[in-house]
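The values are calculated or read from the model by the stated rules, or taken from the named source; none is laboratory data. Being a predicted model, the structure only gives us computed values, none of them experimental. A quick note on method: Cβ atoms are made from the backbone with ideal geometry, for glycine too, and the neighbour counts reach across all protein chains shown.
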Amino acid sequence: MKKSLLAKLTGEVLRYQNKAFLKAAMAVCALSVLADEEIQFVERISVDRALKDEPALKHFDALKAVDILGEFTDALQDDHDDAKEILHNKIRRFAGDHKQSRTLMRVSYLIIAADQEISDEEHEIFVELCHVLELEPDQVWEELHV
């Protein structure tokens, strides 16, 4: 991934660091990592490591972020449809704010591209999240998938 993308994301996360944005970012992570409706151990370790070590995400309180992410992934696994709608609502709060929406999609992309392979299900959740944020999926994908 280009260093400039990580630098941009770092700056944006610093500007938008607040509770609602943290919850939206963790909702994006949960939906992205569970695109195939199950979380593998390797994926969870990858997300936890990214939250703690990734320069673009390290400005969040990592323990709080991991706790929120755990709550969201558990909810998705317990009652996927209801939890998905609740998480969409947390994300939807940032629709219409192009900078914050773009930042959330960068977070999603970092998660789905972490293993260097993007499945159809991961791409579908990316498109779905773009729609929730009222963004054009092809345009956002093109900007990120370089």
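Only one of the numbered conditions (1) part of a loop (DSSP other than H, G, I, E, B); (2) charged (D, E, K, R); (3) within 24 Å of residue 4 (Cα to Cα) is not met by residue 143, and that is (1). Residues in segment 89-123 that are free of Cβ contacts under 8 Å to residues at least 60 places away in the same chain, farther than 16 Å from residue 9 by Cβ and in a helix (DSSP H, G or I): 89, 92, 120, 123.
Scanning segment 11-44 for residues that are at pLDDT 70 or above, out of contact with any helix residue (DSSP H, G or I) (no Cβ under 6 Å at 6 or more places or on another chain) and either over 22 Å from residue 92 (Cα atoms) or assigned to a helix (DSSP H, G or I) (or both) turns up 19, 20, 21, 22. Scan segment 58-65 and tell me whether some residue there is modelled with pLDDT under 65, surrounded by 15 or more Cβ atoms within 10 Å (Cβ to Cβ) and assigned to a loop (DSSP other than H, G, I, E, B). No: segment 58-65 contains no residue that is modelled with pLDDT under 65, surrounded by 15 or more Cβ atoms within 10 Å (Cβ to Cβ) and assigned to a loop (DSSP other than H, G, I, E, B). Summed over segment 93-117, residues that are at pLDDT below 90 and over 14 Å from the mean Cα position of the chain (by Cα) total 5.
Residue by residue, here is whether (1) loosely packed, with under 13 Cβ neighbours inside 10 Å; (2) not β-branched (Val, Ile, Thr) holds:
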{"site": "110", "(1), (2)": "no, yes"}
{"site": "118", "(1), (2)": "no, no"}
{"site": "134", "(1), (2)": "no, yes"}
{"site": "138", "(1), (2)": "yes, yes"}
